[in-house]
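Every number here is computed from the coordinates shown, using simple stated rules; none is lab data. Here the structure is a predicted model, which means the values were calculated and not measured. Note: ideal-geometry Cβ built from the backbone for every residue, glycine included; neighbour counts use all protein chains shown.
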Amino acid sequence: MAEGVDLKAQMNQLIRGYWTTQAIFVAAELRIADLLADGPKHPDELGRQAGVKGDMLYRVLRALASIGIFAEDDEGRFMLTPLADTLRGDSGQRAYARLHGHELYQSWAKLLDAVRSGEAGFVEAFGIPIFEYFSKNPDRGAVFDKAMTGHHGPEADPMLEAYDFSRFKDLVDVGGGNGSLLIAILKRHPQMRGVLFDLPRVVERAGPGIESAGLSERCRLVGGSFLEAVPGGGDAYLLRHVLHDWRDEDAAVILRHCRNAMQPSGKVLVVEIVVPAGNDPSF
């Protein structure tokens, strides 16, 4: 009997996982961590500063404190914890919470529809593909860019250590987003030139970052769709976390365009998360 109760409790915890996602989203959207940077505060004060109801915010903060995000003291005030501190400022972690609590949350709510129709959950929720949506909504696109940089940014150094990019002279970063990885590669290899290729509005947002890195002379920004063509002449074409977003037929088109555009001895470099066989969690 006890075993059955434990299993039910475990299942209930999994079923209610969306509570955590939305509670973190609220804290990130309201910048609660920033409001607590100068010390503990009562929920009523936080509510006034954030423009929300203090009694409702109190319940959200209690839920978050139960999992180590914020802590409540004996006077009913809340304070930062190391986990909550990751949500301060305009960090990639805060952007990641804002992305998952808004667009991706609504997309996952359409999972059953997606399973039935074969269409992406994002399209079911918003009516257009994800990258078209972020292109048409630049403010949200900026949140997406920052979230991806924060999430995948730590990969750059291990990639540079694990793979020898020095053999290449012209690297095309296909679907390179804000260019953070290409910037890291070009800084490590001063003999190399780069092309950042993505949707026009994406590369437009990436321009200031390329310029501030001092790479304007060595890095071209090219806008377009890799489903139609990619810039020619590169001896390496980098696809980092791109192919998994597309159906197999579209992924084949992207790879074919890279193959047709590259130099005869060129290479396609694919960086993806590969889930191994078995039942152990890996992502």
(message) Run the helix sum for the chain: -39,500 (n - 2.57) per DSSP H stretch of 4+ residues, divided by residue count, reported at 222 nm to the nearest 500 deg cm²/dmol.
(response) -15000 deg cm²/dmol
(message) With θ taken as phi - 60° and the coefficients 6.51, -1.76 and 1.60, list the Karplus ³J(HN,Hα) couplings across region 111-122 in order, rounded to whole Hz; mark glycine and proline as x.
(response) 4, 4, 4, 5, 5, 6, 9, x, 8, 5, x, 4
(request) Could you calculate the FRET efficiency of residue 227 with residue 75 from 1/(1 + (r/R0)^6), where r is the beta carbon distance between them and R0 is 41 Å, rounded to 0.05? (result) 0.10
(request) Sticking with the crude label model, points 7 Å out along Cα→Cβ, report the distance from residue 220 to residue 106 in nm, one decimal please. (result) 3.7
(request) Check each of the trypsin sites (Lys or Arg not before Pro) in region 165-216 and keep only those in coil by DSSP with at most 16 other C-beta atoms within 10 angstrom; list them in order. (result) 169
(message) Assuming 0.36 nm per residue, please report the length gained on full extension of the stretch residue 56 to residue 142 beyond their Cα-Cα distance.
(response) 28.0 nm
(request) Return the distance in nm (one decimal) between the two label points of a simple spin-label model at residue 90 and residue 20, each offset 7 Å from Cα along Cα→Cβ. (result) 2.9
(message) What is the angle, in °, between the Cα long axis of helix 92-101 and the longest principal axis of the Cα atoms in the chain? Nearest 10 is fine, range 0 to 90.
(response) 70
(request) Check cross-link reach from residue 187 to the lysines: straight Cα distance under 25 Å, and skip same-chain residues fewer than eight apart. (result) 146, 169, 267
(request) Run the quick spin-label model on residue 201 and residue 244: label points 7 Å from Cα toward the beta carbon, then report their separation in nm to one decimal. (result) 2.5
(request) For residue 267, list long-range residues whose amide hydrogen, built 1.01 Å from N in the peptide plane, is under 5 Å from its own amide hydrogen. (result) 236, 237
(request) State the label only: which of (1) 22.1, 70; (2) 24.3, 81; (3) 19.5, 63 corresponds to Rg and Dmax of the Cα atoms in Å computed from the shown model? (result) (1)
(message) Over the Cα atoms of region 163-271, each weighted equally, I'd like the Debye log10 I(q)/I(0) at q = 0.10, 0.13, 0.18, 0.22 Å⁻¹, rounded to two decimals.
(response) -0.24, -0.42, -0.82, -1.22
(message) Give the lysines reachable from residue 41 as a straight Cα distance under 18 Å; neighbours fewer than 8 places away on the same chain don't count.
(response) 53
(request) Going by C-beta contacts inside 10 Å, put 160, 196 in order with the fewest on the left. (result) 160, 196
